[in-house]
Structures are given as structure tokens and as C-alpha cells.
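Just so it is clear, none of the values below were taken in a lab; they were calculated from the coordinates. Quick caveat, the model's predicted, so the values are computed rather than measured.
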Amino acid sequence: MKKIVAIGEVVWDVLPSGRKLGGAPVNFAYFAAQLGVEAFPITAVGRDELGDETLEALEATGLDLSLLQRNALPTSRVLVTLDAAGVPQYEIVENVAWDAMECTPAALDLLSHADAVCWGSLSQRSAASKAAVLQMLDAVPAGAVKVFDINIRQHYYDRDTLSESLRRADILKLNEDELPLLRSLFALPESDTGAIAELIGRFALQQVILTRGADCSEVYGPEGLLSHLDTPKVQVADTVGAGDSFTAAYVASRLQGRPVAEAHALAVRISAWVCTQAGAINPLPQDFLQ
């Protein structure tokens with residue numbers, strides 16, 4: 001089995017419908033594991049009651065938790081509000097356990113044998129966690145696929161942090177709100193295709209995946225547009241975790257040898273289904289697993 005490592009935050013999304021376990025790396029690992037790869041989240045929770053509850057909930061997902069860290073900071077919570085279309089807005093509590101993630105010998109050993117690693121920008125908001133994330137990324141072998149699912153939240157980003165990750169990435173995943181932000185930060189061309197081409201050239205990226213919400217999604221390579229698919233029309237409960245499931249399905253499929261168009265199609269189908277569910281972590285229907 002292919003081995004994927006997801007580095008970053010684990011949170012409790014406090015939704016209007018109740019509290020749901022989440023966080024981009026945990027969501028990514030959960031869906032990748034359902035699709036037939038070994039998936040390992042590297043994150044941290046507190047030595048508190050909510051940390052105990054988090055551990056219990058994570059154990060129920062079947063993920064390998066051997067690299068889960070615990071420390072004296074509180075376990076993370078995120079207050080989520082939804083607009084009329086089910087699109088979330090996040091209020092992310094600071095100074096939580098994953099802000100003090102460490103780069104452990106066990107993590108370095110696992111990463112040295114990984115087939116792919118996925119990470120985002122939010123988990124690098126503190127100097128300590130940023131240093132740990134970058135040290136872990138530098139342990140990944142040259143042949144592994146390095147996926148920067150940018151996941152910009154609130155004000156937790158800066159140009160230097162994004163540059164450090166972009167220089168280490170093979171694949172960049174971003175959405176229609178994040179591309180204009182990168183255009184401003186990096187003085188990219190005004191057109192989306194021009195901006196993406198510039199990112200690919202400047203940071204030696206192999207692919208850029210751009211999702212445009214309810215409209216469409218696209219995969220680009222150095223040669224230009226590789227795949228374009230419209231987003232299926234579904235009854236949206238909320239969009240929490242949809243992007244993470246998209247990335248997981250695409251990366252897992254590519255590692256398993258599927259071509260870009262096939263991997264993209266599965267990612268689109270799965271992320272649309274996730275939008276019909278409350279919260280991110282829900283078992284995939286059997287027809288996605290065949």
C-alpha cells in the first residue's frame with residue numbers, strides 16, 4: 001500500500017448543528033485511508049478532557065495515531081458559521097496544542113519512507129510549528145509527492161511562509177479565493193491562467209489544482225490545462241471538508257496509478273458528496289471505494 005502523511009492541525013469544528021471532528025490534515029488522512037492507502041496524521045492535542053475526547057474520536061476513524069502528539073496546551077476548537085449557501089467562516093482559537101507541534105524522530109523516520117505528504121499554511125502560524133513542519137518536509141525523499149493544500153484561514157499567513165512551502169511543493173491546491181491573494185502577494189499576472197503558469201514556473205511545480213466552488217475545478221501542468229470538470233449540482237448541507245476530500249481523492253488516485261482525468265473525476269464526485277453531509281468526517285458510500 002502507498003503511504004501518505006498529513007501534517008497539521010486537528011480541531012473540533014463547532015457548527016450550528018453541533019461539534020464535529022475536523023482539521024484539514026485529519027480530513028485528508030481520513031479520506032485517503034478510505035480510498036486504499038496507508039494514511040498517517042501528524043498533529044497534536046492537549047492533555048485535557050477535550051484531548052481525551054479527540055483521541056477517542058480519532059481512534060474511531062481507524063487512522064494510525066502513532067504520531068499523534070500531546071502537550072500542555074489546550075486542544076483546538078474552531079467556531080464555524082455558515083452562510084446561506086453552506087459556505088463556512090472560521091474563528092480559530094489561538095495558542096492550542098498543534099501550535100506547538102514537534103518534529104520527532106518517529107515522524108522523521110516515517111516521512112523518510114513516505115510516498116506522499118500533504119500540508120497547509122494554517123499549521124505554520126506559530127514559529128515553533130512552522131519550524132517543525134519545514135523540518136519534517138525536508139525529510140521527505142525526493143521521489144515522494146509533496147502536496148501543499150494551501151488552506152488559507154483568516155490572517156494566518158504571510159508571503160515568506162507561503163514561499164517556503166511553495167518551494168518544497170510538487171502540487172499546489174488552492175481555491176478561487178486564494179488565487180487572488182497569491183496574485184497580490186507574488187505580483188502574478190492578472191489572468192488566472194497566467195497567474196498559475198507563473199506559479200508553476202517560479203516554484204517548479206508539477207501541477208496546480210484550482211477549485212472554483214460550485215462552478216468547476218481545473219488541473220494545470222507546465223504544459224497548460226490538463227483537466228476541467230464542472231462541479232455537480234447537489235443539495236448542500238455544508239462545504240466543511242469538501243476541499244480536503246478532493247485533495248485526498250486526487251492524490252490517492254494518482255499514487256495508485258490512475259491518470260489525471262480519472263483522478264480528477266473521482267475527486268470531484270467525492271467532494272460533491274461531502275457537501276451533502278454535515279461536517280467533514282463521514283464514511284464514504286461503497287460505490288466510491290470500488
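Quick look at the numbers
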read-out: Lysine pair count for the chain [Cα-Cα under 29 Å; pairs on different chains or 8 or more apart]; value: 16
read-out: Sequence-distant residues sharing a close amide H with ARG70 (under 5 Å, placed H); value: VAL45
read-out: Kirkwood hydrodynamic radius (C-alpha pairs) into Stokes-Einstein, the chain, 25 °C and 0.890 mPa s, D in µm²/s; value: 131 µm²/s
read-out: Helix-only CD estimate at 222 nm, as mean residue ellipticity for the chain, using -39500 (n - 2.57) per DSSP H run (n ≥ 4); value: -11000 deg cm²/dmol
read-out: Alpha-carbon centroids, the stretch 1-57 and the stretch 84-151: separation in whole Å; value: 12 Å
read-out: Rounded to whole Hz, the Karplus (6.51, -1.76, 1.60) HN-Hα couplings of the stretch 166-178, x for glycine and proline; value: 4, 5, 9, 8, 9, 10, 10, 10, 8, 10, 5, 8, 7
